[in-house]
Amino acid sequence: MTISKNTIHPLVANRRSPRAFDRDRKISPEMLSNLLEAARWAPSANNIQPWRFIVGQKNDATHQKIVSTLSEGNRIWAEHAPILILAVTQEEGERGKQSYAWHDLGLATTQMVLQASAMELYAHIMAGFSKDEARSAFSIPAEYVPLTVIAIGYLGDVENLPEKLQAREKAPRIRKTLDEIAFQNTWGEPLA
Ligand SMILES: Cc1cc2nc3c(=O)[nH]c(=O)nc-3n(C[C@H](O)[C@H](O)[C@H](O)COP(=O)(O)O)c2cc1C
């Protein structure tokens, strides 16, 4: 079964995770609110809505604190993004363990990323940051776990990146084929 990237919706087809963000172009409060609103309307198991977002805007204390938690390899480019969002999920609720908390944060994040796409913004999700430092910097309670940082902004000039990152930015994007991920009848049998 082959589906061309050209036949999927442009919001999905055009999404990618850039490292070059425009260092000057700001995100308006309305756009920021739209991003969070898109996440808010995500589905979740039992409608628990385990996601929480700590929002940093360039030059504010939250942005600086998020930057300080990033791994070196991420900090070098992500510190220039106008918005950095620390995405957190609630693993333990009133009724015990919330097994789908990670899944549901992923759904909310996806909605945010696609909303970004719809506003001609780009988002880059990162796991490379210190969860311990993030927990301590923002006094995150024990039942919540910080999972990702999402950098959001307008596309910037690739030439501003260090050479090594420029090469990665220009490298082709690779995916498994549909035959490798979609089955029928039994495990591993590709969908006809
Ligand atoms: C949970 C998660 C963690 C990620 N962590 C990082 C990261 O720490 N640094 C990074 O540069 N990219 C990170 N990425 C981005 C992936 O590398 C990227 O999505 C993947 O290579 C596919 O590229 P594309 O998003 O442009 O299609 C992460 C993505 C996800 C979903």
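Heavy-atom accessible area with a 1.4 Å probe sorts Glu72, Glu163, largest first, into Glu163, Glu72.
Taking all protein chains together and a 1.4 Å probe, the residues Lys97, Lys58 rank Lys97, Lys58 from largest to smallest accessible area. Which residues make up the longest stretch of the chain that has no chymotrypsin sites (Phe, Trp or Tyr not before Pro) in a DSSP loop with at most 13 other Cβ atoms within 10 Å? With a cap of 13 other Cβ atoms within 10 Å, the longest stretch comes to 42-186.
What the range 1-127 shows is 56 Å² of accessible area per residue, with the surface traced by a 1.4 Å probe over protein heavy atoms. Seen from a random direction on average, the alpha-carbon convex hull of the range 26-157 projects onto 7.8 square nanometres. Close amide H partners of Ala123, meaning residues 5 or more places away or on another chain with modelled amide H under 5 Å apart, are Arg16. Over the range 7-90, with a single point scatterer placed on each C-alpha, what log10 of the ratio I(q)/I(0) does the Debye formula yield at q = 0.12, 0.24 1/Å? Values, matching the q order: -0.45, -1.28. Report the residue, chosen from Asp132, Asp104, Asp179, that carries the largest GNM mean-square fluctuation when the chain is represented by alpha-carbon nodes joined by springs under 10 Å. Among Asp132, Asp104, Asp179, the largest GNM mean-square fluctuation belongs to Asp179.
Residue-wise HN-Hα couplings along the range 174-181, as the Karplus relation 6.51 cos²θ - 1.76 cosθ + 1.60 with θ = phi - 60° gives them from phi, are 10, 9, 4, 7, 4, 4, 7, 10 Hz; Gly and Pro carry x. Relative to one another, the C-alpha centroids of the range 114-139 and the range 1-54 are positioned 11 Å apart.
Both radii are taken from the alpha-carbon atoms of the range 109-164; with Rh as the Kirkwood radius, Rg/Rh is 1.08. When the solvent-accessible area of the range 26-157 is split by element, carbon and sulfur atoms take up 51 percent of it, the probe being 1.4 Å.
Please work out whether the range 94-192 counts as rounded, prolate or oblate from its C-alpha gyration tensor, where a ≥ b ≥ c are the square roots of the eigenvalues and a/c under 1.5 means rounded, while otherwise a/b larger than b/c means prolate and anything else oblate? Oblate shape, in that a/c is at least 1.5 and b/c is the bigger or equal ratio.
Structure note, pairs Lys131/Lys164; Lys97/Lys131; Lys26/Lys176; Lys26/Lys164; Lys65/Lys97; Lys26/Lys65: Cα-Cα distances above 24 angstrom occur for Lys131/Lys164; Lys26/Lys176; Lys26/Lys164; Lys65/Lys97. Working note: Karplus 6.51/-1.76/1.60 with θ = phi - 60° gives the range 114-125 the couplings 6, 4, 4, 4, 5, 9, 6, 9, 10, 10, 10, 7 Hz, where Gly and Pro are set to x.
Could you give the distance between the Cα centres of the range 140-156 and the range 56-110, to the whole Å? Measuring centre to centre over Cα atoms gives 1 Å.
For the range 100-105, 3J(HN,Hα) computed residue by residue from phi via the Karplus equation (6.51, -1.76, 1.60; θ = phi - 60°) reads 9, 4, 6, 4, 5, 5 Hz, glycine and proline entered as x.
Neighbours of Gln98 by Cβ distance under 12 Å: Lys/Arg scored +1, Asp/Glu scored -1, total -3.
The values are calculated or read from the model by the stated rules, or taken from the named source; none is laboratory data. From a predicted model like this one, the values you see are computed outputs, not experimental measurements. Don't worry about glycine lacking a Cβ; one is built from the backbone with ideal geometry, like all the others, and counts go over all protein chains shown. SASA here: full protein model, heavy atoms, side chains in, ligands and nucleic acids out. Shrake-Rupley method; radii C 1.70, N 1.55, O 1.52, S 1.80 Å.
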